[in-house]
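Would you mind keeping the following structure in view while I ask a few things?
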Amino acid sequence: MAHMKQPEHRGLFAWLFPGQGSQKTGMGRKVLEHSAAARRVFDEASDAIGMDLTRMCQEGSSETLTATENAQPAIVTCSVACLAALQERGMAPAAVAGHSVGEFSALVAAGSLPLAAAVRAVRKRGQLMASVTAPGSMLAVMGLEEARVQELCQEAARHGIIAVAIYNSPQQFVLSGGLSALERFKDLAVAAGARECVMLAVSHAFHSPLMAQVMDEWRTVVASLQLRMPQCPVVLNTTAMTVKTLVCIRRSLVDQITSPVLWMQCVRTLVSLGITDVLEVGDSKVVSSLAKRTVPSLRTMTMLDPAALESLLST
């Protein structure tokens with residue numbers, strides 16, 4: 001948002017972390033200008049994977065940043081840089097959640113995973129996901145209820161593999177699958193009165209069974225992560241439940257590759273924990289907007305304006 005209004009009172013804040021699709025040239029520029037801690041995050045992340053992430057985020061072409069193996073470390077680094085800017089001002093969340101690869105940012109925020117390990121993992125995650133040979137794509141559908149989407153998905157499955165990949169909000173879902181099945185779903189959805197159906201500019205059918213080819217190698221990567229129990233509640237994508245053990249963190253990170261992102265369910269879980277306000281931590285307003293559409297009573301903020309920090313501190 002261009003300008004932030006101060007909340008009427010101090011609510012219980014959850015911090016939300018965006019996923020792939022939020023990348024853009026110049027991402028993180030404002031926080032880099034305003035925060036020494038943010039600059040240190042970019043330096044540490046760049047060293048961890050041997051790439052100049054500051055330069056990539058500031059000067060990289062849309063094509064470079066959209067490449068999955070680049071987008072994932074860039075998004076996590078940008079989010080954690082914003083996180084560092086909040087932390088250097090003494091702020092901490094009541095709970096966290098991250099959308100898809102944003103779950104890694106959320107785990108860093110909760111003290112469960114070090115930055116360097118997170119960036120190395122998501123760089124590898126992006127490379128593995130980009131290496132999948134099974135053809136597929138993704139389709140966003142807006143304006144249909146969940147039950148109707150599931151019905152149409154079952155009907156389209158006669159034409160190939162298709163699954164609901166992301167539950168973004170009660171009126172927005174993303175399907176993953178083979179092109180024939182997605183085209184059939186699109187025709188059915190339009191006939192059923194969908195407000196919009198858009199094929200996404202992605203290279204693969206993420207969060208679907210078509211990604212199974214890389215599961216074994218990815219499981220090995222996740223098994224090697226040195227995790228700690230989080231210092232605040234973390235709501236996980238694949239279960240929409242809070243972390244109870246390190247095992248459930250590892251399982252969620254592994255299962256994410258082939259399982260759906262239960263984002264709207266995660267938002268509802270946060271509200272059940274007493275959350276009244278959410279702050280999107282990153283150079284994005286996507287996941288906070290989805291949260292608002294899921295639970296309209298939520299107050300939402302983003303960090304697109306550096307004044308966000310001062311507004312939060314003064315509430």
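Derivation of every value follows stated rules applied to the coordinates shown; laboratory data play no part. As the structure is a prediction and not an experimental result, all values here were calculated from the model. Here the Cβ positions follow ideal geometry from the backbone for every residue, glycine too, while neighbour counts run over all protein chains shown.
Rounded to the nearest 10 degrees, what's the angle between the helix 36-49 long axis and the longest principal axis of the chain, both from Cα atoms, 0 to 90?
50 degrees
Using a simple spin-label model with points 7 Å from Cα along the Cα→Cβ vector, what separation in nm is obtained for Leu12 and Glu63?
For Leu12 paired with Glu63, the spin-label model returns 4.9 nm.
Follow-up. Treating only the Cβ atoms of Lys and Arg (+1) and Asp and Glu (-1) as charged, compute the dipole magnitude of the range 167-270 about its Cα centre; round to the nearest 20 debye. Don't skip to the answer; put the middle values down first.
Numbers: 9 positive and 6 negative charges, 80 e Å.
Once rounded to the nearest 20, the dipole reads 380 debye.
Let me ask something additional. Please report, in whole Å³, the volume per residue of the convex hull around the C-alpha atoms of the chain. Walk me through the numbers before you get to the answer.
Working: hull volume 38.1 nm³, N = 315.
Considering the Cα atoms of the chain, their hull volume per residue is 121 Å³.
While we're here: Give me the extension gain from Ser224 to Gln87: residue separation times 0.36 nm, minus the current Cα-Cα distance, reported in nm with one decimal.
Numbers: separation 137, 0.36 × 137 = 49.32 nm, distance 2.73 nm.
Residue separation times 0.36 nm, minus the Cα-Cα distance, leaves 46.6 nm.
Which FRET efficiency value, to the nearest 0.05, is calculated for Met241 and Ala147 with the Förster distance at 22 angstrom and r the Cβ-Cβ distance? Let's see the in-between values first.
Values: r = 22 Å, r/R0 = 1.02.
The calculated FRET efficiency here is 0.50.
With springs only between Cα atoms under 10 Å, which of Leu225, Leu113, Leu304 fluctuates most in a Gaussian network model of the chain?
It is Leu225.
Moving on to the next point. Only Lys, Arg, Asp and Glu count, each charged at its Cβ (+1, +1, -1, -1), so figure out the dipole size of the range 137-203 about its Cα centre, rounded to 20 debye. Don't skip to the end; give the middle numbers.
On the way: 5 positive and 7 negative charges, 20 e Å.
It comes to approximately 100 debye.
Let me ask something else about it. In the range 218-284, which trypsin sites (Lys or Arg not before Pro) are in a loop and have at most 16 other Cβ atoms within 10 Å, using DSSP for the loop call?
Values: sites: Arg219, Arg228, Lys244, Arg250, Arg251, Arg268; in loops: Arg228, Lys244.
Filter output for the range 218-284: Arg228, Lys244.
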